[in-house]
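Worksheet: one structure, shown below.
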Amino acid sequence: MLARIGLEPGDEEFYAEQLSGILAHIDRLQEVDTDAIPPTAQVVEVANRLREDEPRPGLGQVEALANAPAAVDGSFRVPSIQEEA
Amino acid sequence: MASPAWEVVIGMEVHVQPTTRSKMFCGCAVGRLGDPPNSNVCEICLGMPGVLPVINKVAVEACLKTALALGCEIPRHTKFDRKNYMYPDLPKGYQISQYDLPMSRNGHLELGGRDVRIRRVHLEEDTGKLIHAGEKLHKAVESYVDLNRAGVALMEIVSESDLRSADEARDYAMALRTLLRTIGASEAEMEKGQMRAEPNISIRRHGSAELGVKTELKNINSFRALHRAILYEVQRQTEVLESGGTVVQETRGWSDAEQRTFSQRSKEFAEDYRYFPEPDLPPLELDPAWIDELRRALPELPSVRHARLVSKHGLTAADAALIAADRELADLFEAAVTAGAPARQTANWIVGEVAPTGKLPSAENLAELVRFVNDGAITRDQGREVLVESVETGRRPSEIVTEHGFVQLSDEAELQAIAEAVVAANPKAVEDYRAGKKQALQALMADLRKRAPQANPKVASGLLLKLLG
Amino acid sequence: MTQLVGSTIGELGKLLRAREVSARELLQAHQERIEEVDGRVKAFLRLTPELAAEQAGRADQALKAGDAGPLTGIPVAVKDVLCVRGVETTAGSQILRGFKPPYTGTAMARLFDQGMVMLGVTNCDEFAMGSSTENSGYFPTHNPWALDRVPGGSSGGSAAAVAAGEAVISLGTDTGGSIRQPAALCGVVGMKPTYGRVSRYGLIAFASSLDQIGPFARSVDDAALTLAAMAGHDPLDATSSDRAGHDVLSSYGGEVKGMRLGVPREYYEVEGIEPGVKAAIERALQVLRAAGAELVDVSLPHTDYGLAAYYIIAPAECSSNLARFDGVRYGMSEEDSANVTEAYSKTRRRGFGTEVRRRIMLGTYALSSGYYDAYYLKAQKVRTLIKGDFDQAFKKCDAIVSATSPTVAFPIGSRTQDPLSMYLCDVLTLGGNLAGLPGISVPCGTSEGLPVGLQVLAPQWGENVALRVARAYETASGLNAEVAPVG
């Protein structure tokens, strides 16, 4: 599952070792008393940014597909969607 | 039907497209079914690198209006969250939705005299569409992605598991649709994909307090399919449990073609969506004054209107239901009554003549027409003709009646002569009637109407009956 | 006669408006410089000669018509995470090879509208993750002052381009220090605005709550001018402020006399801070004091936890931001996959480098069910505390001064085996990102012959304060960002 980053068998050890070092450093956060502290929702005071419901021109099919690795009849093509059984 | 030993427990998750011109987080036009693929898209809803979402104000209003109409609590703060998973119809690899601070909670929808509890109503964005090469998903060699629908606003309305039958679930969905249309939040046409119903269904022994294992149904595209899918699934679960098996908690798709539900293996494993607050969207502070304004601007809700039509105007429940369900008809009714038309007869005309055509006369014209017929100035048949013409031309019934010379014939002397002629011309019918077959009167009346279309039916039939003895 | 290469916007603007040199000639001079040195510096990933010629042509027309602004005709280099329509933009990654955005980001569009001329796309750490530009999916960039050393990162290419005289201005992005740190290591000016000051529309997102676009320049004036031109509300970015761009320049030319400059003791004791760097900063503080500033002791007690908080929040947000790279709509795609899951897996394995995959893993873990509270939520709370530290400190001072980087430029390859050692490069800069503060790095001499940068941090929306201190220092010290000879 891991974010579909393509972990191959040998990789796990390599990453595990490095990540464990980083995680050990990160664990020092547990020393900090944050019981009464709110999480930072937004670092700068901004609220209520709403957009008027006005349509604006989009890209059009040709430009939308211009970067597509594989396109068929105006749609993006993907290989079969089968989950591992 | 579930056997009496089992109780059916249903909750509904309904996704509705609010009526907006542009998408939820970008300015792309919402477009229509049948538009060429990927023709209503921009870099934002395509999930290209570097893009950012901005919230559509009208979508927020529609969601708040819906929530208010459902009697929900509106919080002071609400925010959006990212629901993370990778799938080809989800361009960003996450869906912007609402998790723990939704736009509303704890409402209810009145259904047949009791309340179905609404857990929450929130806003999110829709995914794109996948078309699979080949017939069935699990056999498709490849698939095609159309992102026209990606990013379109979606309201999610979640009920508690308060529904107890397929009938109730269907009625709930229909009532929800009526409500949404009445307040103008959405057209909510299932066939256009503007409303999608996903029931979750479980069964349990009557009297049990515990809930059974539930399945969620998807791919239901009409009220009829909703009803059938639930019946099927209840039957299926019953069979599973009665044969000693256990129901698997899963998502199942409804197949209209095969009239059955089938397991969607792709959703079998529990996915961790790793929700976290959407950093690109500052939270919304919902101003109570704005909420009040929206609340005050709500039109009368269908259930309230229905109750009033029955209690104040004395309409039958059936007539009231039909009229209250359609805002235009309801407005027409009220206006006509205000203009002096008798309530029950007006309702009759609306239900019998106006609603089927879908074409509405003006309230004054309808009122005038109903009064004419009611007072006996013209016959009902004549009234129908007048209605059609009035709707088409907008002219007043009094004008049309005068022009056509529709004057109901109520003069007894004239009618007496005609009645005598009818009796003379129809000896068999007369004999039948006298022999006890009262229905024979219909044939005589039909003949009378042929000879004198403007005959006042009441007077004419009275005279006929006298002649028949 | 003013050199065409190595001069400031002000100097060049004079020449352009007096028609002593054309925009085309100015462009050409820089293209020649690129040709001369970039084989060794490798600041650029790709050049944009056609676009530049077109823009220079338009600039010349504007100059002829007397319709020119201060930025008209000035050559600029753009970091590979900033989208410009039709220009291959890859975020320093193979996974976006060949991608040409169909739109131009707001900040860049504003600069082009004001007549700037785009030289090309500069190298960076992949998806802006790194402090040395060694994580680029293409090749490393070399520090113009010492070619065997790193330029810093992630905006190493942009910093090097200005340091080597290849560009007058370049654009970078700063999430944990990625403008300020390379500016320090390359001996140029680099500025990160307050979070929300400059629109992020068009910036390929790394960590959405931390990222900002900012300029590299050879003078504080140049940085200020460029920043003011980019800044201001953008309806396409819901996190962008309403504040007008030009207020970064208000009263900025003033003196530093009477200003209180906070010296945070924790920043002088961070792990790995080199004595030579400390000494250079000490000298800089003396210059400021001599110019009339009052130095005040302040404390940022949660400094020690900044790295940990940053390395949860940034990877968490990036793990989500990078989920869109699946090979379906753009970028690299692995052919020949049996199904979509395999395609995603192969594409992302081949397309993403080690550091990126490491951070995605870390971020996914930090957000996962069961760990969210202990990691992501906890980090966001510590973030509140860190911001609180700054709020407290700014009650006692107008701006905070310190070293930008604990070390001078280190040799290429010397930190790549130990990720944590690389992360430590940012300990003095990432606090500014967590708290959303504006910050600038200005050259303040050398240590062991390599550039050292002085960092000035100001309260939110206080760019003008940071600029004022920086400019006063620049004037008082007499130090100007020289063009590296690239011997």
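For the reader, a short list of remarks on this structure follows.
- Out of B:R205, B:R228, sole residue that is among the charged types (D, E, K, R) and at pLDDT 95 or above: B:R228
- For C:G327, the conditions (1) within 13 Å of chain B (Cβ to nearest Cβ); (2) modelled with pLDDT under 90; (3) not in a helix (DSSP H, G or I) all hold with the exception of (2).
- B:G107 being part of a loop (DSSP other than H, G, I, E, B) and more than 24 Å from B:P277 (Cα to Cα): no
- Residues being assigned to a loop (DSSP other than H, G, I, E, B), touching a helix residue (DSSP H, G or I) at 6+ places or on another chain (Cβ under 9 Å) and facing chain A (nearest Cβ under 7 Å) - total across the range C:330-348: 3
- The range C:78-100: number of residues that are on the phi < 0 side of the Ramachandran plot and touching an Asp or Glu at 6+ places or on another chain (Cβ under 7 Å): 5
- Given (1) over 24 Å from the mean Cα position of the chain (by Cα); (2) at pLDDT below 70; (3) among the β-branched types (V, I, T), index of the condition A:I37 fails: (2)
- The criterion of at least 2 residues that are buried (at least 18 other Cβ atoms within 10 Å of the Cβ) and not hydrophobic (A, V, I, L, M, F, W, C) is met by the following helices (runs of 4 or more DSSP H) wholly inside the range B:279-329: B:302-313.
- Odd one out for C:P102 among (1) in contact (Cβ under 8 Å) with a residue 60 or more places away in the chain; (2) part of a loop (DSSP other than H, G, I, E, B); (3) not β-branched (V, I, T): (1)
- Residues (surrounded by 13 or more Cβ atoms within 10 Å (Cβ to Cβ), more than 49 Å from the chain's Cα centre (by Cα) and among the aliphatic types (A, V, I, L, M)) located in the range B:426-442: B:V430
- Members of the range B:49-83 found to be touching a residue at least 24 places away in the same chain (Cβ under 8 Å), within 11 Å of chain A (Cβ to nearest Cβ) and either within 22 Å of A:A64 (Cα to Cα) or in a strand (DSSP E or B) (or both), listed by number: B:L52, B:P53, B:V54, B:I55, B:N56, B:H77, B:T78
- Long-range neighbours under 8 Å by Cβ, at least six apart or interchain, first residue closer than 21 Å to C:F139 by Cα and within 14 Å of another protein chain (Cβ to nearest Cβ) within the range C:401-420, second part of a loop (DSSP other than H, G, I, E, B) and among the acidic types (D, E): C:T416/C:E134
- Here the range B:112-132 is the region considered, the condition is being in a loop (DSSP other than H, G, I, E, B) and either more than 14 Å from chain A (Cβ to nearest Cβ) or in contact with a helix residue (DSSP H, G or I) (Cβ under 8 Å, 6 or more places away or on another chain) (or both), and the residue that is farthest from B:T19 (Cα to Cα) is B:G113.
- Restricting the range C:355-387 to residues that are free of Cβ contacts under 8 Å to residues at least 12 places away in the same chain and over 19 Å from B:N84 (Cβ atoms), the residue that is nearest to the chain's Cα centre (by Cα): C:T384
- Out of C:A68, C:A59, sole residue that is in contact with a Lys or Arg (Cβ under 7 Å, 6 or more places away or on another chain) and closer than 21 Å to C:P215 by Cβ: C:A68
- Total residues in the range C:366-380, condition within 11 Å of chain A (Cβ to nearest Cβ) and either of a type in the set (G, A, S) or surrounded by 21 or more Cβ atoms within 10 Å (Cβ to Cβ) (or both): 9
- The residues of the range A:42-72 that are facing chain C (nearest Cβ under 8 Å), part of a loop (DSSP other than H, G, I, E, B) and not polar (S, T, N, Q), listed by number, are A:V43, A:V44, A:V46, A:R49, A:L59, A:A66, A:A68, A:P69, A:A70.
- Filter result for B:R274 (within 30 Å of C:L367 (Cβ to Cβ) and in contact (Cβ under 8 Å) with a residue 12 or more places away in the chain): yes
- When B:L147, B:L123, B:L90 are checked against the criterion of being aliphatic (A, V, I, L, M) and either under 26 Å from the mean Cα position of the chain (by Cα) or farther than 30 Å from B:R224 by Cα (or both), B:L123 stands alone in meeting it.
- Subset of the range B:412-455 [in contact with a Phe, Trp or Tyr (Cβ under 7 Å, 6 or more places away or on another chain) and under 13 Å from B:K466 (Cα atoms)]: B:L441
- Of the helices (runs of 4 or more DSSP H) contained entirely in the range B:366-455, those carrying at least 2 residues that are aliphatic (A, V, I, L, M) and not assigned by TED's automatic domain parsing to the domain that holds B:A330 fall at B:412-425, B:427-435, B:440-451.
- Output for the range C:174-196, where each listed residue is in a strand (DSSP E or B) and more than 17 Å from C:L225 (Cα to Cα): C:D174
- Of the residues making up the range C:203-238, those that are of a type in the set (S, T, Y) and either surrounded by fewer than 24 Cβ atoms within 10 Å (Cβ to Cβ) or within 18 Å of C:A109 (Cα to Cα) (or both) are C:S208, C:S219, C:T226.
- The conditions of being closer than 30 Å to C:T90 by Cβ and modelled with pLDDT under 95 are not met by C:S319.
- Yes/no for B:D35 being in contact (Cβ under 8 Å) with a residue 60 or more places away in the chain, at the interface with chain C (Cβ under 10 Å from one of its Cβ atoms) and within 30 Å of the chain's Cα centre (by Cα): no
Okay, residues lined up against (1) closer than 21 Å to C:F139 by Cα; (2) without any contact (Cβ under 8 Å) to a residue 40 or more places away in the chain:
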site	(1), (2)
C:S22	no, no
C:L27	no, no
C:E32	no, yes
C:R40	yes, no
C:G57	no, yes
C:D67	no, yes
C:P70	no, no
C:V81	yes, no
C:E88	yes, no
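- Among residues of the range B:233-248, those that are under 19 Å from B:D162 (Cα atoms) and free of Cβ contacts under 8 Å to residues at least 60 places away in the same chain, counted: 2
- Some residue of the range B:334-341 being in contact with a Ser or Thr (Cβ under 7 Å, 6 or more places away or on another chain), assigned to a helix (DSSP H, G or I) and not β-branched (V, I, T): yes
- Residue within the range C:151-173 that is among the small types (G, A, S), out of contact with any helix residue (DSSP H, G or I) (no Cβ under 8 Å at 6 or more places or on another chain) and at positive phi present: no
- Against the test of being in a helix (DSSP H, G or I) and under 20 Å from C:V162 (Cα atoms), the options C:R33, C:R58 yield a single qualifying residue, C:R33.
The values are calculated or read from the model by the stated rules, or taken from the named source; none is laboratory data. Here the structure is a predicted model, which means the values were calculated and not measured. FYI the Cβ positions are ideal-geometry reconstructions off the backbone, even for glycines, and counts take in every protein chain you see.
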